[in-house]
Amino acid sequence: MTQKATAWAPANIAFIKFWGKRDEKLRLPMNSSVSFNLSNVFTVTTVEFDKNLVDDEVKLDGKIVDGKEKDRITKYLDKIRNIARVSTRAKVESKNNFPVGTGMASSASGFAALSLAASSALGLRLNKRKLSILARIGSGSACRSIPDGWVEWKEAGTSEGSYAYSMYSQRHWGVCDVVAIVESTKKSVSSTEGHALVESSPFYKCRIGGMRKKLKMIKKAIGEKKFSKFGEILEAEAINMHTVMMTSEPALIYWTPETLRIILKIKEWRERGLEVYFTIDAGPNVHVICLEKDARKIERLLRTIEGVKMVVVNQVARGTHLV
Ligand code: DP6
């Protein structure tokens, strides 16, 4: 007999970022973060536990995964097997709606989908909070892909206290994330490795010192739907995080000439009256945040910039669910 389930999970974009952990193993963040789910960057994962298997089998976008990547997944499945008190091996088949090598292959959607598919296949009926905690242990930002719409992930001293919840549904506010994907070689330093370097930046203390106030302000701007305020905070926050990255030892420089070219264009568009702001994760792609009414125009404008390979328009999406 086999036990099987399939889950859909979105990637998410954070406006207050998760950078730096207080507990590496449990992936407890140094600060709370705020994000929304992306409608057009997602993962669909099927997990099938089968008594006849002698080892886990993992397929990602049609390719068998092994080495370090597979290890991370097997160890993660072990945690879920422990909860369910079984030792059955599983076949995992995961598909991103996104071509690999674009820097968009997301551990957030990957672990969110895996947590729901694997726990459901084993008959564990976890509530959203428990599922968010389970996803967090796979990859920190994955916990934010579990709840619907606009999400906050709470910082806490314990594993039980640090989960993500939905502040507002996907229908709360028509904001879009238009992602400009630029030429990219594979990341040289993963975000997991990057998190461990934060203390080496002289600016990290200053970043954490300003967090409480910033979180309060952005939550207020989202609640009251004040777009300029929201945009100013999220853009300053992205620059703040990248300052810490660039001043770590070794320095982490994720921006490329294309990244900066887009940033400068955004400033130019804004001066001409178009309300757009940017945020950037641990890679060169630029997430352009705008109101729904401007999304198509911004998509067109981004396509004219040299070095932009692909543009993806995202609305705010619901969270992880079974399909
Ligand atoms: C820059 O969640 O990928 O995207 O827990 O080590 O898997 P691990 O880290 P991860 O870190 C995300 C970092 C970020 C900011 C963010 O999404 O908040």
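The values are calculated or read from the model by the stated rules, or taken from the named source; none is laboratory data. Everything numeric in this text was worked out from a predicted model, so none of it was measured. As a convention, Cβ positions derive from the backbone with ideal geometry for all residues, glycine included, and neighbour counts pool all protein chains shown. These area figures cover heavy atoms from the full protein model, side chains too; ligands, DNA and RNA do not enter into them. Shrake-Rupley method; radii C 1.70, N 1.55, O 1.52, S 1.80 Å.
Things worth noting here:
- Ala90 vs. criteria of a type in the set (Gly, Ala, Ser), surrounded by fewer than 19 Cβ atoms within 10 Å (Cβ to Cβ) and more than 16 Å from the chain's Cα centre (by Cα): no
- Taking first residues from region 122-144 that are open to solvent by 20 Å² or more (accessible area, probe 1.4 Å) and partners that are within 16 Å of the ligand (Cβ to nearest atom) and small (Gly, Ala, Ser), the Cβ contacts under 6 Å between residues at least 6 apart in sequence or on separate chains come to Ser141/Ala108.
- Any pair with Cβ under 8 angstrom, 6 or more apart, that starts in region 210-227 at a residue that is touching a residue at least 60 places away in the same chain (Cβ under 8 Å) and ends at one that is acidic (Asp, Glu) and open to solvent by 30 Å² or more (accessible area, probe 1.4 Å): Phe227/Glu275
- Checking each residue in region 169-216 for being over 24 Å from Arg296 (Cα atoms), open to solvent by less than 80 Å² (accessible area, probe 1.4 Å) and either aliphatic (A, V, I, L, M) or touching a helix residue (DSSP H, G or I) at 6+ places or on another chain (Cβ under 7 Å) (or both) picks out Val189, Gly194, Ala196, Leu197, Val198, Ser201, Tyr204, Arg207, Ile208, Met211, Lys214, Leu215.
- Screening region 104-200 for helices (runs of 4 or more DSSP H) wholly inside it with 1 or more residues that are more than 13 Å from the ligand (Cβ to nearest atom) and under 22 Å from Val58 (Cα atoms) returns the ranges 107-121, 128-138.
- For region 29-54, filtering for residues that are over 18 Å from Asp177 (Cα atoms) and in contact with a helix residue (DSSP H, G or I) (Cβ under 8 Å, 6 or more places away or on another chain) leaves 10.
- Unique match (being of a type in the set (Phe, Trp, Tyr) and farther than 28 Å from Tyr165 by Cα) among Phe49, Phe36: Phe49
- Extreme residue, nearest to Leu234 (Cα to Cα), among residues of region 262-302 that are open to solvent by 80 Å² or more (accessible area, probe 1.4 Å) and under 24 Å from the mean Cα position of the chain (by Cα): Glu292
- In a residue-by-residue description of region 68-77, the property of being of a type outside the set (A, V, I, L, M), open to solvent by less than 10 Å² (accessible area, probe 1.4 Å), away from the ligand (no atom under 16 Å from the Cβ) and farther than 24 Å from Glu235 by Cα applies to no position.
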